[in-house]
Amino acid sequence: MSRGTPGWRGGRLPAAMALVVAVLMSLMAACTAGTAGQGSTGNTQPNNSSGGKTAAGSNRYIKLSPCCSWNTTWSFNPYNVNGLGIQNDFVSMRLAILKAPGLTDFVPQLAESWDESGDKLVVHLQKQAKWEDGTPVTAKDLVDTVYLDATRGDGFWRTIQSATAKDDSTVEFTLAKGQDMSLAKLAILPNIVVYPSSVYGSFVTDELKKDAEAYFAKAATDPEGATSMAEFKRMGAVFQKLAALKVDKLIGNGPFKLDNITTKEAKLSKSPTFWAADKIKVAGIDYLNGSNQTIYPQLFSDGADFSNVYLPPPILKRWGDTEGAKTALPLAFGFVMAFNSNKAPLNIKEVRQALAYVIPRQKLAEAAYGNVEGAGGAWKEIPTGLSPTLDKLYLTPEQLKQLNPYPVDAKKASDLLTSKGFKKQGNQWIKPDGKPFTLTLTVNADTSDIVTSFNAAATALTAFGIKSEVKATSGAQQDADQHNGDFEIGMAFVGGNNPISNYASLLGPGYNFTNQGNYAGKRGIGFGPKMDVPGLGTVDIPSTIANQERTVPPNDEMKKATWAWAQLVNEDMPYLWYATKVYQFSYSTKHFDNWPPADQNGSSELWDIISNNMTGGLSLAMQQGYIVPK
């Protein structure tokens, strides 16, 4: 199953651009148990992939086996209506890469530097940047991309009014009125991938620019009203034509160029036009996409030098005994149990708290991942709604001590239930209405590690006296049931670098009292909508968290807001974070040396970047001289 890295990535405006069918995904996902991807491995490439130098003197190809990199179809057109663009950071560079796990530091990529002046963000492109056909990357390429991205509703348009080329390599972004500069940079720099005007520029007209600026100005205050504008309709018409464009060749500006691609594999070779080509020591990259069971033999037989496939404990042990085997282990997103707060008796806070005291989170993580270090998931002691990494960044040790860790405690759970009129008869808890208290835990059948964890939870709940069962269904059905509010306990992923976005992923209008899109009017997890939030007073939960996600800058204001939501989640328990995903990046030193270093915890700044954006991080590592053929 494909699991993209969650979190804020300057996503599309909710329902504002109705023509957007799916979000364009770059290759950032690291799979957990289940199906790693739709493709399968390809044949060995002729350019001496397995070692040595070719006759032309170029060094090895590194074979990557990343899960979920593309489906059975794909497009050279990044505006493809099904979101099947094949671009990634090896080929088409973004302006900058966000350092993880913070929100304020960036590594320059296509943007050499940027300046701030009042309500202007001025971006200076790399003056030596070229497209692989040898033509320079210009400010026009960036400006055209910005306005084309508007037709699909890219989220950075929430933060700007316009973009203007000041000279051949300089673009000035005028921010929206009252927009915080730090949030604008966070939306723009890591989220704009520049495409060539030679291919797409004919769609950018003066009318389109005026339409985009007018539409987004209106959408800032009246999103629904904006969709009735003539400007919106004209933008939609442009997008339809843009999405239908047949692109025969992928023209990139990064360190590699696409030589060929099939539904089974892709081959990229070093680009001689890249401005820092001398830093790149690898002649090319082979993507060997496939299922877990296909990738494991590749790792053990030197068929792959790098993979982000999930390694269950037995495979992890075998990998550890393999010559040259190494594993980086940066923390990633969280696995959570979402409670339907609109469905009795889960609409009672004390009942949700009681469940938190019964569900043995450590056993859940160990059931799925064992207790081997780096086995894919680690349990989380204090439910804050955030990862341990973000806890450390945005919450103080004193604040964490004030929160309830909810240790397994049958007596506390029993006392909470009894206080709300529940009674235990024999081995079964009875609800105040006289009916047995039972629960169904809904899960995507393809996520075998989560199924295992949910089975462990159901076993513990049943032993406590709440007869529980696991309903394993298709991912589409599970997702629809949770959006519609047709569930009791469901599964969810929470993550990313922005703590407010972490909370918004479940408490915001995407999954909670949705007001737009296909699930408009549905309750989702049904938490609230109006509640008393510590430090904020009585507020509408979905709209407040959505507004904060757009407006709270990454400073002390964000720490204050994070503390407010951490207290709410810890006390009212809308969802229970039971395990933190540990990304397992397996790499081999048999053929390649000088991989990014890892600290005693199995990570580093660069590995954290790789966990947040795999191709972006690996591309950056190569640009910095890492990953050198032996």
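The values are calculated or read from the model by the stated rules, or taken from the named source; none is laboratory data. If you're wondering where the values come from, they're calculated on a predicted model, not measured in any experiment. Glycine also receives a Cβ, built like all others from the backbone with ideal geometry; neighbour counts cover every protein chain displayed. Areas reflect the complete protein model, heavy atoms only, side chains present, ligands, DNA and RNA absent. Shrake-Rupley method; radii C 1.70, N 1.55, O 1.52, S 1.80 Å.
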| said: For a test of the definition: using alpha carbon positions, the gyration tensor, and the 1.5 limit on a/c, classify region 379-509 as rounded, prolate or oblate. | reply: oblate
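When a/c reaches 1.5 or more, the comparison of a/b and b/c decides; with that in mind, is region 503-630 rounded, prolate or oblate per its Cα gyration tensor?
On the way: a/c = 2.81, a/b = 2.45, b/c = 1.15.
Note, shape of region 503-630 comes out prolate.
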| note | Using alpha carbon centers only, region 385-420 is separated from region 259-299 by a whole-angstrom value of 45
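Give the peptides 393-400, 342-349, 619-626 in descending order of average Cβ contacts within 10 Å, highest first.
Taking the mean over residues of other Cβ atoms within 10 Å, the ranking is 619-626, 342-349, 393-400.
Using the structure shown, select from Lys423/Lys471; Lys63/Lys281; Lys343/Lys581; Lys380/Lys412 the pairs with a Cα to Cα distance greater than 22 angstrom.
Long pairs (Cα-Cα over 22 Å): Lys423/Lys471; Lys343/Lys581.
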| request: Mind pulling the angle between the C-alpha long axis of helix 410-419 and the longest principal axis of the chain? Nearest 10 degrees, somewhere in 0 to 90. | output: 70
| message | As a test question: what accessible area, to the nearest 10 Å², does Glu116 have when a 1.4 Å probe is rolled over all protein chains in place? | response | 110
| request: Could you tally the net charge around Leu95, taking each other residue with its Cβ under 10 Å from the Cβ of Leu95, Lys/Arg +1 and Asp/Glu -1? | output: +1
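By average Cβ neighbour count within 10 Å, what is the ranking of 418-424, 187-193 from highest down?
187-193, 418-424
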| message | Can you compute the modelled spin-label distance between Ser228 and Asp278, with each label point 7 Å from Cα toward Cβ, in nm? | response | 6.2
| Between the helical axis of 230-244 and the dominant principal axis of the chain, each derived from Cα atoms, what acute angle in degrees is found, rounded to the nearest 10? | 70
| By how many nm would the segment from Asp556 to Gln600 grow when fully extended, if each residue of separation counts as 0.36 nm and the alpha-carbon distance is taken off? | 12.8 nm
| With axes computed from alpha carbons, what is the tilt in degrees of helix 556-572 against the longest principal axis of the chain, rounded to the nearest 10 within 0 to 90? | 40
| field | Cβ-derived FRET efficiency at R0 35 Å, Lys140 paired with Ala217, nearest 0.05 | value | 0.90
| task | Would you please give the FRET efficiency between Asp105 and Lys424, computed as 1/(1 + (r/R0)^6) with r the Cβ-Cβ distance and R0 = 41 Å, to the nearest 0.05? | result | 0.15
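Report the equivalent ellipsoid semi-axes for the chain in whole Å, largest first, defined as the square roots of five times the eigenvalues of the gyration tensor built from alpha carbon atoms.
41, 31, 21
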| Point-charge dipole on Cβ atoms (K/R +1, D/E -1) for region 510-599, about Cα centre, debye to 20 | 320
| note | Taking Lys and Arg as +1 and Asp and Glu as -1, residues besides Ile541 with C-beta under 13 Å from its C-beta add up to -2
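Quick one: with all protein chains in place, what share of the accessible area of the chain is carbon or sulfur, to the nearest percent (1.4 Å probe)?
Working: 11770 of 24180 Å².
Summing carbon and sulfur atoms, their accessible area is 49 percent of the total for the chain.
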| query | Reachable lysines from Lys233, Cα under 22 Å, same-chain residues fewer than 8 places away excluded? | reply | Lys209, Lys210, Lys218, Lys241
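So if each residue of separation counts as 0.36 nm, and I subtract the Cα-Cα distance between Gln293 and Thr396, what length gain in nm does that give? Display every interim value, and only then the final one.
Values: separation 103, 0.36 × 103 = 37.08 nm, distance 4.28 nm.
Length gained between Gln293 and Thr396: 32.8 nm.
What dipole magnitude, in Debye to the nearest 20, does the chain give about its Cα centre under +1 on Lys/Arg Cβ and -1 on Asp/Glu Cβ? Display every interim value, and only then the final one.
On the way: 60 positive and 59 negative charges, 224 e Å.
About 1080 debye.
Could you order Asp446, Asp608 so the one with the most accessible surface comes first? Probe is 1.4 Å. Write down the numbers at each step before the final one.
Details: Asp446 85, Asp608 40 Å².
The ranking, largest first, comes out as Asp446, Asp608.
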| query | Taking the Cα-to-Cβ direction at Asn484 and at Val408 and moving 7 Å from each Cα, how far apart do the two end points lie in nm? | reply | 3.5
